[in-house]
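The values are calculated or read from the model by the stated rules, or taken from the named source; none is laboratory data. Since this is a predicted model, take the numbers as computed values, not measurements. As a convention, Cβ positions derive from the backbone with ideal geometry for all residues, glycine included, and neighbour counts pool all protein chains shown.
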Amino acid sequence: MARRCPLTGKGVLTGNNVSHANNRTRRRFLPNLRAHRLYSETLGESIRLRVSSHGLRTVERRGGLDGFLLDAHDIDLTSELRRLKRRIASARSAAAAPEGS
């Protein structure tokens with residue numbers, strides 16, 4: 001399982017531990033990933049993702065999972081999220097079609 005947030009792309013960074021004697025040893029800075037269920041209002045179901053804390057705040061700011069995915073560029077999303085974005089877009093267009101007819 002990759003240590004990368006599928007929504008924001010945050011991943012592992014590397015750096016040094018620096019001791020008091022200024023000895024440097026390599027270390028990894030891991031992203032704060034948490035398994036979380038995000039609710040899609042259009043589909044009416046919860047989607048399970050391993051998301052960073054920053055990703056959760058970004059989703060909330062952009063109006064939920066549906067708003068985040070519909071505003072995001074396809075190239076920035078994983079293949080799983082691109083499929084979900086297409087499902088949301090088709091469900092929204094199907095819901096809007098009967099109202100206009």
Within segment 66-101, residues at pLDDT 90 or above and acidic (Asp, Glu) come out as 66, 71, 74, 76, 80
Residue by residue through segment 60-101, note down the ones that are in contact (Cβ under 8 Å) with a residue 24 or more places away in the chain and of a type in the set (Ser, Thr, Tyr).
78
Filter segment 43-95 for residues that are charged (D, E, K, R) and closer than 16 Å to residue 33 by Cα and give the result.
48, 50, 57
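Could you tell me whether residue 45 is acidic (Asp, Glu) and in contact with a helix residue (DSSP H, G or I) (Cβ under 8 Å, 6 or more places away or on another chain)?
no
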Just to be sure I understand the filter: pairs with C-beta atoms under 9 Å, separated by 6 or more residues or on different chains, first member in segment 13-28 and within 20 Å of residue 2 (Cα to Cα) and modelled with pLDDT of 95 or more, second member of a type in the set (Val, Ile, Thr) and assigned to a strand (DSSP E or B). Which pairs pass?
27/14; 28/14
If you check 57, 48, which single one turns out to be more than 22 Å from residue 86 (Cβ to Cβ) and free of Cβ contacts under 8 Å to residues at least 24 places away in the same chain?
57
